[in-house]
Amino acid sequence: MSDCQVAIAAAIAKFGRIDILFCCTSQAIIGAVEELAVSERTQALVRDQFETNYFGPVNLIKAVLPQMRKQKAGHIMALGGITGHIGTPGLGVYCAAGWALEGFCDSIAYEIAPFNIRVSILQCNIEIGILSNLVTSVPPMYPTYSRTANHAPLFRGILNDILSRLPSVTGYPDSPVPSPISDPSPCSVSTTSTSNPEAHHEQNTIDANLHPLSAKTIVSLYPPLSPAHLDLLTAETIHAITAIGGHENPPARHIVGAESVASVKEKLKTISEELEDFIGCSSAVDIVSDENAMRVVSEETTAQAAIP
């Protein structure tokens, strides 16, 4: 918190005011929830995820509020992702930190609106927050979470495939994937039995292909994106930031990219359909007065009588 206050004070000393606060701190922890609970080290990673992706932006926001209240103006922008709206297997803790930040922003938006301070959450494609920052992966649990039986390893596999296609830090496209930073103390989470040939084959295949995010140790790395890759990856998000930053009436939540919009629409459609399917159960728990209860019974009787 003190570092955030120092940064805010330095900005005020230089510019005299702060019109826009942009929170974009992020890192990604890859692993199923159960894989993240096997040791003290993996459990510490869960706390680190929240320290970076939740408490980092929250501390910045708290530090800037006194100045924005004094100005009676300001725009707080938090860069998140559609993972703050849609749960993703293998990214449970990453999603949880995103949802926590969104809940915080939704709540504080009401508290600071009287001071003419606006809050916007940008939900960009999942690749933005992950491929442009530190990625940490915990050892997979085989065969419990194998690709043939569970959705949890899907995103890990996608990232492995992307990393295998990226140039290394030296910039040569044919170079191998950059050497990851491995945890010096491997934590074995394998439940593979030699009597399970399918799981044994999957483990051997992954090891042979040197997929860094499927290693038997905790691995941390920065995806070696070239400046051209980064520009292409972040172009839509940068456009969105400049389009709504400082806007007189900015959106509370801005979805970036057509693919993200489609995903969120599908999620909202599913929620709406489930709500309608169980709306009777939802209403049944309401405590109503005797007068209202008699009215409800009367309406139900009338409706039943109208059915041929």
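Sorted by packing (mean other beta-carbon atoms within 10 Å per residue), highest first, where do 18-30, 220-232 land?
Order by mean packing, descending: 18-30, 220-232.
In whole angstrom, how far apart do the alpha carbon centroids of the stretch 8-80 and the stretch 256-273 sit?
Here the two parts' Cα centres lie 26 Å apart.
For the pair Glu273/His151, report the inter-label distance in nm, with labels modelled 7 Å from Cα in the Cβ direction.
It is 1.3 nm.
What is the local net charge at Gln71, summed over the other residues whose Cβ is closer than 12 Å to its Cβ (Lys, Arg +1; Asp, Glu -1)?
With Lys, Arg at +1 and Asp, Glu at -1, the net is +3.
I want the local charge near Gly246. Using Cβ-Cβ distances under 11 Å, sum +1 for each Lys or Arg and -1 for each Asp or Glu among the other residues.
-1
Testing the spin-label approximation: label points 7 Å from Cα along Cα→Cβ at Leu134 and Val38. State their distance in nm.
2.2
Let me check I've understood the local charge: for Gly87, count other residues with C-beta under 14 angstrom from its C-beta, Lys and Arg +1, Asp and Glu -1. What total comes out?
That sum, taken over residues with Cβ under 14 Å, equals -1.
Quote to one decimal, in nm, the extra length available between Ala243 and Ala284 on full extension: 0.36 nm per residue of separation minus the C-alpha distance between them.
Residue separation times 0.36 nm, minus the Cα-Cα distance, leaves 10.2 nm.
Quick note: the coordinates plus some simple rules give every number you see, no bench work behind them. Quick caveat: nothing in here was measured; it's all calculated off a predicted structure. As a convention, Cβ positions derive from the backbone with ideal geometry for all residues, glycine included, and neighbour counts pool all protein chains shown.
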